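Structure first, then comments.
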Amino acid sequence: MPTTVRAYGAASAKAPLEPVAIERRDTGAHDVKIDIQFCGVCHSDIHFTSGDFGPLPVSPLVPGHEIVGVVTEIGEQVTKHAVGDRVGIGCMVNSCRECENCQAGEEQYCLNGHTLVFGNVDRDGSYTQGGYSQMIVANEDFVVRVPASLDPASAAPLLCAGITVYAPLKKWGAGPGKRVAVVGLGGLGHLGVKMAKAMGAQVTVLSRSESKREAALALGADAYAATGDTSTYQQLANTFDIILNTVSAPIDVDAHLGMLRRDGTLANVGVTTEPLAYNPFALMTNGRAVVGSQFGGIRETQEMLDFAAEHQVTADIELISADRINEAYQRVLDSDVRYRFVIDNATLA
Ligand code: NAP
Ligand code: ZN
Ligand code: ZN
């Protein structure tokens with residue numbers, strides 16, 4: 001018998017989120033059942049429910065992909081998790097497991113399509129529903145351990161924002177002697193600063209205005225510049241090894257490329273519905289690269305959580321009750337969040 005749980009969901013694109021009831025499947029042989037304690041609010045949730053990615057595939061749609069909770073039941077074949085464990089779920093709950101990318105542990109690039117934690121058809125034919133809910137049942141392979149030394153509420157944003165910045169920073173070589181710029185100081189950006197610092201890099205925050213300067217330096221950034229003053233681009237020409245773009249809107253790609261030193265990389269993780277364009281000469285000069293990165297595989301997500309525990313990296317959060325979700329969405333859109341809203345899922349009871 002499926003279990004009915006309380007949640008917040010959107011009936012259609014652009015509609016405000018409202019209390020809804022959804023069903024969770026029984027705990028299958030390879031499943032774990034998780035009481036959700038906390039769920040982060042990522043800008044991607046807002047892109048989805050705003051219809052930026054098209055009409056909602058299911059109604060209601062329950063967003064939420066930065067989930068931390070406690071295991072309350074396991075299927076008879078489960079080996080990775082036990083009742084009472086603190087665990088997390090991020091963007092994915094399934095993939096084909098057979099393609100070369102799944103085999104390489106990069107399930108986010110599954111050639112047969114990964115299954116997102118909400119708004120996708122799972123391999124049992126049902127629609128997935130996300131973490132703005134009391135409970136979730138998921139395959140054990142897509143559930144990670146959340147180290148006990150991390151505060152569970154501030155660790156929740158690691159499940160998407162954390163891995164999304166950790167993976168490209170690591171892949172493109174952030175570390176001692178490297179200069180990293182983080183563009184956009186929001187949920188992803190502030191974790192980008194913390195992760196890059198923990199990796200040993202020298203970090204500059206590039207924000208639109210001067211308003212976040214003090215806060216950025218307090219987060220550990222070594223330097224700060226406002227791109228609203230476009231002379232910043234010239235002042236920082238040929239400076240960075242990695243520019244991590246976390247902006248949820250189009251950026252001036254050429255202006256950013258100009259700040260990359262030889263062999264530097266502009267790593268895009270921000271999502272826009274507009275194409276990003278560059279001048280080939282801006283790329284050829286200094287042998288620069290533009291790359292993209294999508295959250296991260298399960299093995300690397302676990303590695304990131306263990307790294308976060310070792311370096312005590314968690315998000316700066318504002319904990320909210322579930323009924324404040326629409327207000328939180330508006331404040332994210334207004335860039336009025338320092339730096340991640342996290343839902344206290346106990347308030348769904
Ligand atoms: P967020 O908290 O809203 O932060 C985005 C930041 O971008 C803002 O704080 C702001 O920084 C800057 N910004 C916003 N609007 C802007 C505009 N019109 N022009 C210039 N700068 C603007 O969002 P988030 O949750 O960190 O997510 C950031 C983006 O990453 C979203 O598009 C999200 O969908 C995407 N994302 C991608 C992945 C992936 O796998 N690649 C995973 C998660 C999220 P300043 O105020 O400092 O300028
Ligand atoms: Zn996200
Ligand atoms: Zn696959």
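Side notes on the structure shown:
- Among the residues of the range 183-216, those that are in contact (Cβ under 8 Å) with a residue 40 or more places away in the chain and assigned to a helix (DSSP H, G or I) comprise G187, L188, G189, H190, L191, G192, K194, M195, A196, A198, A215.
- The residues of the range 88-104 that are within 10 Å of ligand 3 (Cβ to nearest atom) and not in a strand (DSSP E or B), listed by number, are S95, C96, R97, E98, C99, E100, N101, C102, Q103, A104.
- If the condition is being small (G, A, S) and farther than 19 Å from V313 by Cα, then the range 174-194 contributes only G177.
- Boolean, I74 is surrounded by fewer than 24 Cβ atoms within 10 Å (Cβ to Cβ), touching a residue at least 12 places away in the same chain (Cβ under 8 Å), touching a strand residue (DSSP E or B) at 6+ places or on another chain (Cβ under 6 Å) and not assigned by TED's automatic domain parsing to the domain that holds N268: yes
- When the range 109-136 is filtered for residues that are outside any loop (DSSP other than H, G, I, E, B) and open to solvent by 20 Å² or more (accessible area, probe 1.4 Å), the ones remaining, listed by number, are Y109, L116, V121, Y127.
- Answer residue from the range 42-63, given it is within 24 Å of H190 (Cα to Cα) and of a type in the set (S, T, Y) and is surrounded by the fewest Cβ atoms within 10 Å (Cβ to Cβ) among those: S50
- Restricted to the range 174-223, and to residues there that are among the hydroxyl-bearing types (S, T, Y) and crowded, with 19+ Cβ neighbours inside 10 Å, the residue that is farthest from the chain's Cα centre (by Cα) is T204.
Yes/no per residue for (1) assigned by TED's automatic domain parsing to the domain that holds Q37; (2) in contact with a helix residue (DSSP H, G or I) (Cβ under 6 Å, 6 or more places away or on another chain):
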site: R299; (1), (2): no, no
site: M304; (1), (2): no, yes
site: F307; (1), (2): no, no
site: R338; (1), (2): yes, no
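The values are calculated or read from the model by the stated rules, or taken from the named source; none is laboratory data. Computed from a prediction, not measured in an experiment: that's the story for all the values here. All Cβ positions, even for glycine, are placed from backbone atoms using ideal geometry, and neighbour counts span all protein chains on display. All accessible areas refer to the heavy atoms of the entire protein, side chains included, with ligands and DNA or RNA removed. Shrake-Rupley method; radii C 1.70, N 1.55, O 1.52, S 1.80 Å.
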